[in-house]
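One structure below.
Quick note: the coordinates plus some simple rules give every number you see, no bench work behind them. What you see is a predicted model, and the numbers here were worked out from it, not measured in a lab. No Cβ is skipped: glycine too gets one built from the backbone with ideal geometry, and neighbour counts run over all protein chains shown.
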């Protein structure tokens with residue numbers, strides 16, 4: 001499959017100089033979306049995954065169907081102020097700013113094998129934040145999976161030591 005043909009590039013969004021990789025064009029193509037999820041699932045089906053986590057918001061769109069196909073639970077990692085129960089927070093850097101993420105403190109049981117799934121690996125800040133929270137809660141991150149990897153931003157280096165799979169690389 002020519003994945004890059006299914007991903008729209010939007011220039012100067014969200015600010016000048018950024019070439020935003022828009023996955024909505026892939027998501028709306030049912031057969032291609034199914035195939036993309038199947039590729040991610042096939043990479044992890046024999047890894048003994050207990051939970052899939054996905055950062056807000058596009059990580060929900062990719063992570064939840066991966067969890068469903070693996071037959072495991074899905075844990076949303078949210079922006080601050082969105083989770084109703086006791087939570088753990090982590091601040092991190094983006095490729096064009098700063099942000100923070102939160103996870104419920106009871107979302108992960110110590111020893112659970114966790115797969116992190118998101119749409120994009122850029123600088124690795126979001127992924128590193130999520131990994132830090134999983135580990136603080138006692139989980140073991142056994143893999144990270146992305147639709148897109150922006151190699152020039154070296155996110156893979158920030159999360160070295162964790163297996164990375166990306167469907168398409170720019």
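As a proxy for reagent exposure, 133, 1 were ordered by neighbouring Cβ count within 10 angstrom, fewest first; the result is 1, 133. Using Cα extents along the principal axes in Å as the read-out, say which of (1) 69, 45, 24; (2) 41, 38, 31; (3) 41, 35, 30 was calculated from these coordinates. Matching entry in (1) 69, 45, 24; (2) 41, 38, 31; (3) 41, 35, 30: (3).
Rounded, prolate or oblate: pick one for segment 22-68, where a ≥ b ≥ c are the square roots of the eigenvalues of its C-alpha gyration tensor, a/c under 1.5 means rounded, and failing that, prolate if a/b is larger than b/c, else oblate. Oblate, because a/c is 1.5 or more while a/b does not exceed b/c.
Over the chain, Cα pairs under 8 Å with separation of 6+ residues give a relative contact order of 18 percent. With R₀ fixed at 25 Å, the C-beta to C-beta distance from residue 56 to residue 136 puts the FRET efficiency at about 0.85. Given their separation in residues at 0.36 nm each and the Cα-Cα distance between them, residue 160 and residue 105 gain 17.3 nm when the chain is fully extended.
Helix content alone sets the calculated 222 nm mean residue ellipticity of the chain: runs of n ≥ 4 DSSP H residues at -39500 (n - 2.57) each, divided across all residues, give -8000 deg cm²/dmol. Multiplying the residue separation of residue 13 and residue 28 by 0.36 nm and subtracting their alpha-carbon distance yields 3.4 nm. For a test of the definition: using alpha carbon positions, the gyration tensor, and the 1.5 limit on a/c, classify segment 34-130 as rounded, prolate or oblate. It is oblate, given that a/c is not under 1.5 and a/b is not larger than b/c.
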